[in-house]
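K.L.:
Got a structure for you, questions after.
The values are calculated or read from the model by the stated rules, or taken from the named source; none is laboratory data. Note that this is a predicted model, so its numbers are computed, not measured. Here the Cβ positions follow ideal geometry from the backbone for every residue, glycine too, while neighbour counts run over all protein chains shown.
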Amino acid sequence: MDTVIALVDCQNFYCACERLFRPDLWDRPVAVLSNNDGCVIARSTAVKQMGVPMGAPYFKVKRQLAAADVAVFSSNYALYADLSRRVMTVLRREAWAFEAYSIDEAFLAVPALGREALCDWAARTRHRVHRQTGIPVRIGLGQTKTLAKAASRIAKQQGTATFCLVDHPRPDRVLDSVAVGDVWGIGRRYGERLTSHGVRTARALRDVPVAWARRQMTVRGARTVQELRGRRCIALETAPAPRKSVIRSRSFGQPVRAQKAVREAVATHASRAAEKLRAAERVASHLQVFVQAGPSAIDLTYANAASTPLAPPTHHTPTLLQAARRCLDRLWRDGPAYRKAGVMLTGLRPETPRQAHLFDNGTSPEQAALMEAVDRVNRTMGRGTARWAAALVSEPDARDWTMRRTQRSPRYTTCWSDLPVVQA
Ligand SMILES: [Mg+2]
């Protein structure tokens, strides 16, 4: 049986997450800030209408937001990731094939029913997601991923929850309402070039010769044109691509000069990277540590990286911590104000089979059992319950490298101490 594609998009996702456990915010405008409270990265509808642009530096709009009684939050990724996982779990059950496209979007292949039946399916699915997770979603339907994306964009523009391009009576008119730069995969640069050639809307792009599109925008642009015509060229990515690297890094809340503090940050990144590595059932054969220092992010006075091979490849946290420590010591300089540090693991390979290192395995059975126990504790009891001493941020003077997140909401769903309390 044929399928059509549905794009399911959580509406104002981060704001919806912040509101979920706070009924007092249901009527209040909400904004969410990026790491270190730098920029506005999510806005409820009212904040959008106030004219606060996406990515606005917080210090520039702070007063305006306060004057309008906007509830402002630091980003709470533990909460967003967990609610995203719940939404995806519900959606997966509704689909014949499924691709989690981003934290708040998924592509679903669903049976190619008639237009009315598809709209019913969308209404049921929205209702189900909302009832089981509390998150409102928007659904766009089309013959291809590109058309499903366009349908979702039209729904957003029209302020409706569902838009179905399948069997639409006036496809030309609705595709004319989508600016060419808003077509999935086109982007601003190609959008400007196409506009200068008089191709201004999704409909106009659909009707250009494929060969012309290829000349202007490579084979990917030609694919987009085909997709707008309803011919599927971009497959659903139903299996996660094998990881090629794991990277953990973060800017310091304040510039840091103490070696101890940078060491703890690097150790924390290394142990988190090791966790990711094990979750992906991989071992790494290379570890790199990098640092950046200077008065501002664009005006760096010192930036360096040091790396070391891991032979045999491993995912054993203490081994990775030692390697990271050695790398940091090699590139350390006293003096600069460090702004950022991170750890990258590369040369990943499956942890099994291990024949190549039959007698000299990167991780012994005892070490593997310990790692598994630590991961299980952190998975079930909350991240950071079991930590490595090297990554322990204990003293107040060493604590200044952690992120500035002054307005973060509780981790309602992933942390025992943050569970909401209900009084009846
Ligand atoms: Mg969204």
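K.L.:
Quick one: what pairs do we get from the stretch 208-221, first residue part of a helix (DSSP H, G or I), second among the polar types (S, T, N, Q), C-beta under 8 Å, 6+ apart or different chains?
P.N.:
Val210/Gln226; Ala213/Thr224; Met217/Thr224
K.L.:
Next question, about the same structure. So, of the residues in the stretch 272-301 that are in a helix (DSSP H, G or I) and among the charged types (D, E, K, R), which turns out to be nearest to Lys340 (Cα to Cα)?
P.N.:
Looking at residues that are in a helix (DSSP H, G or I) and among the charged types (D, E, K, R), I get Arg272.
K.L.:
Residues of the stretch 162-184 being outside any helix (DSSP H, G or I) and either touching a residue at least 40 places away in the same chain (Cβ under 8 Å) or touching an Asp or Glu at 6+ places or on another chain (Cβ under 8 Å) (or both), which ones?
P.N.:
Of the stretch 162-184, the ones outside any helix (DSSP H, G or I) are 162-170, 176-179, 183-184.
Scanning the stretch 162-184 gives Thr162, Cys164, Val166, Asp167, His168, Val183, Trp184.
K.L.:
Of all residues in the stretch 71-98, which are farther than 21 Å from Lys145 by Cβ and of a type outside the set (A, V, I, L, M, F, W, C)? Spell out how you get there, then give the answer.
P.N.:
Just the residues of the stretch 71-98 that are farther than 21 Å from Lys145 by Cβ, to begin with: 71-83, 85-86, 89.
Answer for the stretch 71-98, where residues must be farther than 21 Å from Lys145 by Cβ and of a type outside the set (A, V, I, L, M, F, W, C): Ser74, Ser75, Asn76, Tyr77, Tyr80, Asp82, Arg85, Arg86, Thr89.
K.L.:
Looking at the stretch 241-291, which of its residues are over 22 Å from the mean Cα position of the chain (by Cα) and not hydrophobic (A, V, I, L, M, F, W, C)?
P.N.:
Scanning the stretch 241-291 gives Gln254, Pro255, Arg257, Gln259, Lys260, Arg263, Glu264, Ser285, His286, Gln288.
K.L.:
Taking the stated definitions as given, is Ala81 closer than 27 Å to Ser409 by Cβ and in a strand (DSSP E or B)?
P.N.:
no
K.L.:
Quick check: anything in the stretch 52-62 assigned by TED's automatic domain parsing to the domain that holds Trp96 and within 14 Å of the ligand (Cβ to nearest atom)? Break it down into steps so the answer makes sense when it comes.
P.N.:
Applying the first criterion (assigned by TED's automatic domain parsing to the domain that holds Trp96) to the stretch 52-62 yields 52-62.
Still in the running and within 14 Å of the ligand (Cβ to nearest atom): 54.
Looking through the stretch 52-62, at least one residue is assigned by TED's automatic domain parsing to the domain that holds Trp96 and within 14 Å of the ligand (Cβ to nearest atom).
K.L.:
Right, next: For the stretch 52-68, which positions are under 24 Å from the mean Cα position of the chain (by Cα) and part of a loop (DSSP other than H, G, I, E, B)?
P.N.:
Hits for the stretch 52-68 are Val52, Pro53, Met54, Gly55, Ala56.
K.L.:
Also: Could you grab me the full set of residues in the stretch 10-51 that are part of a helix (DSSP H, G or I), within 16 Å of the ligand (Cβ to nearest atom), touching a helix residue (DSSP H, G or I) at 6+ places or on another chain (Cβ under 9 Å) and without any contact (Cβ under 8 Å) to a residue 60 or more places away in the chain?
P.N.:
Hits for the stretch 10-51 are Cys15, Arg19, Thr45, Val47.
K.L.:
May I pose another question? Any residue that is of a type in the set (D, E, K, R) and touching a Gly at 6+ places or on another chain (Cβ under 7 Å) - is there at least one of those in the stretch 236-248?
P.N.:
First, the residues of the stretch 236-248 that are of a type in the set (D, E, K, R): 237, 243-244, 248.
Still in the running and touching a Gly at 6+ places or on another chain (Cβ under 7 Å): 248.
Within the stretch 236-248, one or more residues are of a type in the set (D, E, K, R) and touching a Gly at 6+ places or on another chain (Cβ under 7 Å).
K.L.:
Follow-up. Scanning for something in a strand (DSSP E or B) and farther than 28 Å from Ile234 by Cα, does the stretch 89-110 turn up at least one residue?
P.N.:
Looking for residues that are in a strand (DSSP E or B) and farther than 28 Å from Ile234 by Cα, one finds none in the stretch 89-110, hence no.
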